[in-house]
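Chemist: For reference, the structure I am asking about is given below.
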Amino acid sequence: MGDNKEGGDPNRIMVFLRIRTAKKDEIKESEGQSYLMQVQEDQKTVVLVSEGNKQFNFDHVYDGPSAHNHEIYLKVGRPVIENIFQGFWGTLLVYGQTGTGKSYTMCNFDKGNEGIIPGAMQDIFAKAAEDTERVYTVKFSFIQIYLDKLQDLFNPTRKEELKINRDNKGVGFPGVVERTCTSYDEFLEQYNDGNQYRVVCATDTSLESPRGHAALFIRVHSSLKDSTAGGKERDGQLVFVNLAAYDLVGRTAGELRNEETRTINSSLLALGNVVQSLAEKSDHVPWRNAKLTRMLEDAIGGKAKCSIILTAGPSSEHVDETIRTLDFGATARVAEVVRNRYRVAAGRRNEAVPAQSGLSAEEIDEL
């Protein structure tokens, strides 16, 4: 199911699994803690031996120290970036238990081991600079959902909560600050300016565990340098989503931490219900049950080429959390979508052209 081809890509959400390298003394067989997952030779299947050899299949499995951030970006991120420049929207989302490498995979900025976000932004600016026929503008906004409230990380003193608006152009956030950047270094400076306002705290499994979901919305607009050609403008949109992790209420100390946990868990449950409805091809998809799902309706609901990276720890100590992660990914992988091509044409801004229309990219640009 979901393997119909469109331009060589499966017409569904792509799902990848990254298993974190075991920490020192994490695997204690004398205490009943063993390696939970066995990766099969196809590097697409994991088997949970302690759970009756239960199997999960993904588009690729990256196992421990053999997996490098750059390798993951090339396989998972770059195909999405290529689509942005061709007029599609794209989404890269990371999902997993706290302490399993979500932030390391998505937003590690260490030179030589960059994660998904820096790898993608380097590619975007490099590709824009290489294009001799088009002029590019790159803008982005940075939003956090904390205690079920949308916050503009570029406007942290704003008293009013950001609102979610949906019209014929899709999901928007009236009044959100959108910054323009002309280089990777400028992007990094502005990203750090917003990222300092994310809410994090130390937990049993992570020194800096995000206490809210975060999303970067990148807009890549381009037009032909030869203005006499007219009408061939493009708007691509890329969404990076770093989800906070499900946890047990009471595991984190203090009433505020527990309230954070409750709101995180509730929104992740709503996201799981949306993915389940997509997988079942339900007539009703409960997008409006949470602000997280309302925010991501365009990002995972069919307008975007979407890839999800699951992160999981290697130890059987966290078997319940790991199975929850794998179940979510397995369901998402079945969720078949119909992607739409979005671009800007004279008088028809952000109008969708169905991906199954049979038109070539050049024909769509001529509309």
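Chemist: Among the residues that make up the stretch 78-98, is at least one of them in contact with a Phe, Trp or Tyr (Cβ under 7 Å, 6 or more places away or on another chain) and hydroxyl-bearing (Ser, Thr, Tyr)?
Modeler: The answer is yes, given that some residue of the stretch 78-98 is in contact with a Phe, Trp or Tyr (Cβ under 7 Å, 6 or more places away or on another chain) and hydroxyl-bearing (Ser, Thr, Tyr).
Chemist: Of the numbered conditions (1) buried (at least 18 other Cβ atoms within 10 Å of the Cβ); (2) within 27 Å of residue 275 (Cα to Cα); (3) of a type in the set (D, E, K, R), residue 44 fails exactly one; give the number of that condition.
Modeler: (1)
Chemist: Test each condition in (1) open to solvent by 20 Å² or more (accessible area, probe 1.4 Å); (2) in contact with a Ser or Thr (Cβ under 8 Å, 6 or more places away or on another chain) for residue 107 and report the one that comes out false.
Modeler: (2)
Chemist: Check residue 219 against each of (1) under 18 Å from residue 243 (Cα atoms); (2) assigned to a strand (DSSP E or B) and name the one condition it does not meet.
Modeler: Every condition holds for residue 219 apart from (1).
Chemist: So, in the stretch 196-255, of the ones that are modelled with pLDDT of 85 or more, β-branched (Val, Ile, Thr) and more than 15 Å from residue 139 (Cα to Cα), which residue ends up surrounded by the most Cβ atoms within 10 Å (Cβ to Cβ)?
Modeler: The qualifying residue surrounded by the most Cβ atoms within 10 Å (Cβ to Cβ) is 241.
Chemist: Of the conditions (1) among the polar types (S, T, N, Q); (2) modelled with pLDDT of 90 or more; (3) surrounded by fewer than 19 Cβ atoms within 10 Å (Cβ to Cβ), residue 66 clears all except one; give me its number.
Modeler: (2)
Chemist: Another question about this same structure. For residue 76, all conditions in the list (1) open to solvent by 20 Å² or more (accessible area, probe 1.4 Å); (2) under 20 Å from residue 299 (Cα atoms) hold save one; what is the number of the exception?
Modeler: Failing condition for residue 76: (1).
Chemist: Working only within the stretch 61-91, note down all residues that are polar (S, T, N, Q) and in contact with a Lys or Arg (Cβ under 9 Å, 6 or more places away or on another chain).
Modeler: Listed by number, the residues that qualify are 83, 86, 91.
Chemist: Search the stretch 83-142 for residues being part of a loop (DSSP other than H, G, I, E, B) and among the hydroxyl-bearing types (Ser, Thr, Tyr), and hand back the single one that is modelled with the lowest pLDDT.
Modeler: Filtering first and then ranking leaves 98.
Chemist: Are any residues in the stretch 153-174 open to solvent by less than 60 Å² (accessible area, probe 1.4 Å) and outside any strand (DSSP E or B), and if so, which ones?
Modeler: 153, 154, 155, 161, 162, 164, 173 - these are the residues of the stretch 153-174 that are open to solvent by less than 60 Å² (accessible area, probe 1.4 Å) and outside any strand (DSSP E or B).
Chemist: Next question, about the same structure. All but one of (1) open to solvent by less than 50 Å² (accessible area, probe 1.4 Å); (2) modelled with pLDDT of 90 or more hold for residue 276; which doesn't?
Modeler: For residue 276, the failing item is (1).
Chemist: To continue, here is another question. So how many residues does the stretch 13-41 have that are under 25 Å from the mean Cα position of the chain (by Cα) and either assigned to a loop (DSSP other than H, G, I, E, B) or hydrophobic (A, V, I, L, M, F, W, C) (or both)? First the steps, then the outcome.
Modeler: We begin by selecting, within the stretch 13-41, every residue under 25 Å from the mean Cα position of the chain (by Cα); these are 13-22, 37, 39.
From what is left, the residues that are either assigned to a loop (DSSP other than H, G, I, E, B) or hydrophobic (A, V, I, L, M, F, W, C) (or both) are 13-17, 19-22, 37, 39.
Qualifying residue count for the region: 11.
Chemist: Pairs under 8 Å by beta carbon, first residue on the phi < 0 side of the Ramachandran plot in the stretch 178-194, partner open to solvent by 40 Å² or more (accessible area, probe 1.4 Å) and assigned to a loop (DSSP other than H, G, I, E, B), six or more apart or different chains?
Modeler: 188/109
Chemist: For the stretch 1-49, what are the residues that are polar (S, T, N, Q), farther than 25 Å from residue 77 by Cβ and at pLDDT 85 or above?
Modeler: 38
The values are calculated or read from the model by the stated rules, or taken from the named source; none is laboratory data. What you are looking at is a predicted structure, and each value in this text was computed from that prediction instead of being measured. Quick reminder, even Gly has a Cβ in these numbers, built from the backbone with ideal geometry, and neighbours come from all protein chains shown. For accessibility, only protein heavy atoms count, side chains too; no ligands or nucleic acids. Shrake-Rupley method; radii C 1.70, N 1.55, O 1.52, S 1.80 Å.
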